[in-house]
Number of protein chains: 2
Amino acid sequence: MSDIPTIRDVARRADVSVATVSRILNGLSGYSDKTKQKVLAAIEEMGYRPNAIARSLNNRRTHTIGVLFPALNSEFSSALLHGIEDYAHRRQYSVLVCNTDVDGRRTMNYLKVLREKQVDGLIFVSEVLTDAYRTELAAMNIPVVLVASSDDDPRYPHVKVDDRQAAYDATSYLIGKGHRRIAMISGTADDPIASRPRIEGYEQALLDHGVAALPEWIAYGDFFYESGTLAMEALLKRGLDLTAVFAASDEMAAGAMHAAARAGLRVPEDLSIIGYDDIRLAMMVHPPLTTVHQPLREMGQEAAAKLLLMAESAQTARSLIVPHRIMERQTVRDINEINST
Amino acid sequence: MSDIPTIRDVARRADVSVATVSRILNGLSGYSDKTKQKVLAAIEEMGYRPNAIARSLNNRRTHTIGVLFPALNSEFSSALLHGIEDYAHRRQYSVLVCNTDVDGRRTMNYLKVLREKQVDGLIFVSEVLTDAYRTELAAMNIPVVLVASSDDDPRYPHVKVDDRQAAYDATSYLIGKGHRRIAMISGTADDPIASRPRIEGYEQALLDHGVAALPEWIAYGDFFYESGTLAMEALLKRGLDLTAVFAASDEMAAGAMHAAARAGLRVPEDLSIIGYDDIRLAMMVHPPLTTVHQPLREMGQEAAAKLLLMAESAQTARSLIVPHRIMERQTVRDINEINST
DNA sequence: CTGAAAGCGCTTACAG
DNA sequence: CTGAAAGCGCTTACAG
């Protein structure tokens, strides 16, 4: 009595075969309306629910996707996850979250688990594929989409902004406001996605406007708040007499604002700061942070959409560069006005 | 050749039965060391990985748990999720995230999906159980743990702080700093977990210190930033001449700080503010927010630990009230000093 | 120490 | 329109 009813129990009760119940459950054809009513009634009475595990064993589809993040506890990740989960749910898929913790071993471990659990697809967030991952992915033979990252292998499409261009635009924006002495707070030096291209965009913008780009104008952090404070302090110590800073993440920008305040600098009166990401934090700091907006939620949705497309049609999706834009708030001062006054 | 190898393929290759391969895979006894080597070699050569779906069908255990959140994109949720995921992973469990979106229908929908997918347990975050949920949960017959919420049913243990006491302590802290004209920004009025007890704690602290607790000193928000700004503005409009505010979430506290600044009030010089949660935002706003610390990450871990205990031992875990504490930063001014100067 | 066989709860040709 | 039966990839008594 306390046993969970199976399709057999339903069949017995409705006095039909399990095949018929299965057909009705799956909306296939091949039964009279009378039979259908009888079966539906039995299902209702018994409180029957199909076992998705058993179903998956036949179908070889679990309607579950895996998402790998390097850091779960950042707004960046949760905004993306929100978008992914949203789309997946709409399409009746579930999402398994994996926190790789910026650690290769944990990623490999997760890949093995996800393989065993037969997920229908995988989304990598902010992670660069190593050869080991590639080997494992090839063996898994399921669709993969990268978010805020990219790979040369066409089998692994990505969804991201044009980081180089976005950094170029952020820097140009500062220049447009009359700034010339612009420093940058970059993320981890060796990150080929979120650091190198942004540095290049920053340098290119300076060069295109006749400003020299010097290494000592760049300080390195790790994208998190504390490192932004440290980087800003380092920059200040160098005595560069700067008027503006471009930070490669909003958290680092907030950290920089903190360091500036501690050094007696007012933002934006004494120092202008522009961030990157436009996570909710940006609008919650004071003054609200001018930053490069990345449509994180949409990026998550797009990535999920591509993944499911690949999972259900076996075709490979195309990469997508989503538009970024400068979100003007109150941390950048226009010095042009001052000069012309 | 491109087919994924199964346990049968391994058995054939190692020239043993599938039963033997299964035993070796599961670390059971009953085979010679020579056989073991042979099988392990075959597994290695073929790149075989057991199919967890098939295994689950036998075991009736999926080693997967579900977590339901009302809002994925808040630091509050992601800190909890981080703790849950962390513990689950250590114990070889996977976690399925569900964003219920403050919407009953979506919760019921998720419960059905999680039931079909045969999760081994469920964690509800910040959600009050309705009768409909209870019915479904009873039918699922799997362990459930509540986080930042609670329920009278002893089958559903919880992990949370003592909200009433925490609010009492926050308010008392303000009083200890010489404040008497203390307003409160509460969360959604009808929330029996995160609103009622905190309001009671606030009022009790006032009363215990001989200060009248009046309804007009309370403004209501929804825990998010924007509502904090609005609530603060409403409070200011009432002309209460207040010196301090207790906000029931850090986001609302940050919003209140914003409104205060816009009204020309300096924090903490003109207005003291204390928040609730101690999410990372609290240390990133300026000045850093004094707040009630909830050990979110640990709460997530504890909840997961209780859930797995229940899932694996069939005993029911006990509820846990975790310790909160006042995290002193820079948004509360001590007026005692001033008065005595 | 080892294997044949039943079974987990479904789906899906196949036959009627 | 309907059912018997094989099969999905494992595990687990049971027998030897």
* How big is the B-A contact in terms of buried accessible area, both chains counted, 1.4 Å probe, rounded to the nearest 100 Å²? -> 5000 Å²
* Find the centroid of the Cα atoms in region B:191-212 and in region A:32-61, then give the distance between the two in whole Å. => 51 Å
* Per the Kirkwood formula on distinct C-alpha pairs, the Rh of region A:163-293 is how many angstrom? -> 13.9 Å
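Averaged across the residues of B:62-68, what count of C-beta atoms belonging to other chains lies within 10 Å of each residue's C-beta?
Values: counts 3, 3, 5, 0, 1, 1, 0.
Taking all residues of B:62-68 together, the mean is 2.
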* Asked: Roughly how many Å² of B:K160 are accessible to a 1.4 Å probe, to the nearest 10?
  -> 20 Å²
* Compactness relative to 2.2 N^0.38 Å, alpha carbon Rg of region A:22-153 -> 1.35
* **Stokes-Einstein diffusion coefficient of region B:284-328, Kirkwood radius over Cα pairs, 4 °C, 1.567 mPa s, in µm²/s** => 103 µm²/s
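Out of all DSSP beta bridges with both ends in chain A, state the antiparallel percent to the nearest 5.
The antiparallel proportion sits near 10 percent.
Given the Cα atoms of chain A, and with Rh set as the inverse mean 1/r over their pairs in the Kirkwood sense, what is Rg to Rh to two decimals?
Working: Rg = 26.1 Å, Rh = 22.7 Å.
Expressed as Rg/Rh, it is 1.15.
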* **Positive-end residue, the protein assembly as shown charge dipole about Cα centroid, Cβ charges, pick of B:I218, B:T62, A:T229** => B:T62
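If you place +1 on the Cβ of every Lys and Arg and -1 on the Cβ of every Asp and Glu, how big does the dipole about the Cα centre of chain B come out, in debye to the nearest 20? Mind dumping the intermediate values first?
On the way: 38 positive and 44 negative charges, 305 e Å.
Rounded to the nearest 20 debye, it is 1460 debye.
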* Structure fact -> Env charge @ B:Q330, Cβ radius under 12 Å, K,R +1 / D,E -1, value +1
* Asked: Considering only DSSP beta bridges with both partners in the protein assembly as shown, what is the antiparallel share in %, to the nearest 5?
  -> 10 percent
* Give the Debye-formula value of log10 I(q)/I(0) at each listed q (0.14, 0.25 Å⁻¹), with one equal scatterer per alpha carbon of region B:246-341, two decimals each. => -0.61, -1.18
* Within chain B, longest stretch free of exposed GluC sites (Glu not before Pro) [DSSP loop, at most 15 other beta carbons within 10 Å] -> B:1-268
* Asked: Distances from A:A138 to the same residue in each other copy, label points 7 Å out along Cα→Cβ, in nm, shortest first?
  -> 5.6
* Structure fact -> Summed over the other residues with a beta carbon less than 11 angstrom from that of A:Y173, with K and R at +1 and D and E at -1, the charge totals -1
* To do: Please list, or write none, the lysines whose alpha carbon is within less than 27 Å of the alpha carbon of B:K36, excluding same-chain residues fewer than 8 places away.
  => A:K112, A:K117
* Quickly estimate the mean residue ellipticity at 222 nm for the protein assembly as shown, helices only: each DSSP H run with n ≥ 4 gives -39500 (n - 2.57), and the total goes over all residues, rounded to 500. => -14500 deg cm²/dmol
* Using a 7 Å Cα-to-Cβ projection, A:G27 label spacings across copies, nm, ascending -> 4.4
* Over the whole of A:86-95, what's the average partner chain Cβ count within 10 Å per residue? Rounded to a whole number, please. => 3
* Structure fact -> Taking a ≥ b ≥ c as the square roots of the Cα gyration tensor eigenvalues, with a/c under 1.5 meaning rounded and otherwise prolate when a/b beats b/c or oblate if not, region A:70-111 comes out oblate
* Structure fact -> With x for Gly and Pro, the residue-by-residue ³J(HN,Hα) of region B:271-277, computed from phi through the Karplus equation 6.51 cos²θ - 1.76 cosθ + 1.60 at θ = phi - 60° and given in whole Hz, is 8, 9, 9, 10, x, 7, 2
* To do: Report, by chain and number, residues whose modeled amide H sits under 5 Å from the one on B:R329, excluding near sequence neighbours (fewer than 5 apart, same chain).
  => B:T290, B:T291
* To do: Above 17 angstrom, tally the Cα pairs of region A:7-50 and express them as a % of all pairs, no decimals.
  => 13 percent
* To do: Could you name every residue in region B:280-306 that has 10 Å² or more less accessible surface in the full protein assembly than in its own chain alone (probe 1.4 Å, ligands and nucleic acids excluded)?
  => B:R280, B:L281, B:M283, B:M284, B:V285, B:H286, B:P288
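Given +1 on the Cβ of Lys and Arg, -1 on the Cβ of Asp and Glu, and no further charges, what dipole in debye does the protein assembly as shown carry about its Cα centre, rounded to the nearest 20? List each step's numbers first, then the result.
Values: 76 positive and 88 negative charges, 528 e Å.
Here the size comes out at about 2540 debye.
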* Structure fact -> Whole-percent carbon and sulfur contribution to the accessible surface of the protein assembly as shown (1.4 Å, no ligands, DNA or RNA) stands at 49 percent
* Å³ per residue of the Cα convex hull, for region B:176-249? -> 83 Å³
* Structure fact -> Inter-chain shielding metric for A:126-132, i.e. average beta-carbon neighbours from other chains within 10 angstrom, reads 0
* Asked: What is the calculated FRET efficiency for A:R60 to B:R134, with r their C-beta to C-beta distance and R₀ = 41 Å, to the nearest 0.05?
  -> 0.70
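Taking the Cα centre of region A:163-293 as origin and charging only Cβ (+1 Lys, Arg; -1 Asp, Glu), how large is the dipole, in debye to the nearest 20? Walk me through the numbers before you get to the answer.
Values: 11 positive and 18 negative charges, 76 e Å.
Value, rounded to 20: 360 debye.
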* **Kirkwood hydrodynamic radius of the protein assembly as shown, from inverse mean 1/r over distinct Cα pairs, in Å** => 27.6 Å
* Copy-to-copy label separations for A:K112, where each label sits 7 Å from Cα toward Cβ, in nm and ascending -> 3.8
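The values are calculated or read from the model by the stated rules, or taken from the named source; none is laboratory data. Since the model is a prediction, treat every value here as computed from it, not as a measurement. Backbone-built Cβ (ideal geometry, glycine too); neighbour counts: all protein chains shown. What goes into the accessible areas is simple: the full protein's heavy atoms, side chains included, and nothing from ligands, DNA or RNA. Shrake-Rupley method; radii C 1.70, N 1.55, O 1.52, S 1.80 Å.
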